[in-house]
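Asks: Below: one structure in structure tokens.
What follows is calculated from the coordinates using simple rules that are stated; it is not laboratory data. Please read all numbers here as calculations on a predicted model, not as lab measurements. Cβ placement follows ideal geometry from the backbone for every residue including glycine, while neighbour counts extend to all protein chains displayed.
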Amino acid sequence: MLGTKYFAISKRILTLKSFKPLTLGGTTIITLRYNSTKPSTTTTNSNANSSRLKPSSFAFPSSPTSQQSSSTTTSTNDSITSSQQQEDINDFRATKLIHGKTNLSFAITERASKKLNEISQQDNQDSGLLIQVESGGCHGFQYNLKLTNIDKELQQQQDGDANDLVVFERDQGRKVIMNESSLMILQDSKLDYTKELIGIQFKIVDSPYTSSACGCGSSFDFDFDKLSQKEG
């Protein structure tokens with residue numbers, strides 16, 4: 001058995017050359033023929049790299065982490081909702097009725113107020129926004145917005161050529177005027193200045209009595225039963 005040694009654990013790497021069983025006295029002995037070589041640099045580097053790839057490096061988030069993430073998302077959503085509610089309160093508090101008599105509320109957002117002020121500086125100091133709700137549109141009703149001279153609108157009312165008008169303003173800015181029948185439908189909603197894909201525009205938002213609306217928001221339907229319940 002020249003050139004044959006029994007297998008033993010060694011610091012050297014075994015390169016398998018042959019495999020030959022040997023039977024002595026009824027006992028089978030497995031022998032290995034090998035060449036002893038020094039570990040190569042490539043093998044050492046591979047082993048070193050493998051040792052750095054720990055299972056924890058690729059572990060999926062555990063259940064507690066998922067719960068924490070969900071809790072964080074819920075907390076963020078609650079914060080946004082709370083912020084929106086506070087903004088709504090501020091909008092209604094800042095909007096004042098300066099002409100007419102009504103118990104109904106309406107709000108002008110800060111964005112809409114600033115834009116109206118910009119327009120008045122470019123146009124004239126008496127300009128304001130007239131809101132009229134009329135029947136029509138794909139959902140039954142539509143509101144028309146147009147710039148107008150507030151003084152002229154109020155003069156027409158005094159001459160008996162106009163319905164009872166109410167005028168709102170925010171922070172002593174430009175005014176919004178409408179008749180009471182329009183306010184009845186738009187009560188508790190807000191005038192906003194929005195930037196959307198369809199363009200930049202003044203828009204009525206957050207109406208609690210609107211049951212449906214078209215994509216552009218200019219045509220809508222409202223819930224008569226819900227409105228009647230509030231009046232009752």
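Asks: Here are some pairs, 152/190; 96/226; 96/175; 152/175; which of them have Cα atoms lying more than 19 Å apart in this structure?
Replies: Correct reply: 152/190; 96/226.
Asks: Another question about this same structure. When a footprinting reagent is the concern and you count Cβ atoms within 10 Å, what order do 83, 105, 120 take, fewest first?
Replies: The fewest-first ordering by Cβ neighbours comes to 83, 105, 120.
Asks: Convex hull volume of the Cα atoms in the stretch 97-231, per residue, in Å³?
Replies: Measuring per residue, one finds 111 Å³ for the Cα hull of the stretch 97-231.
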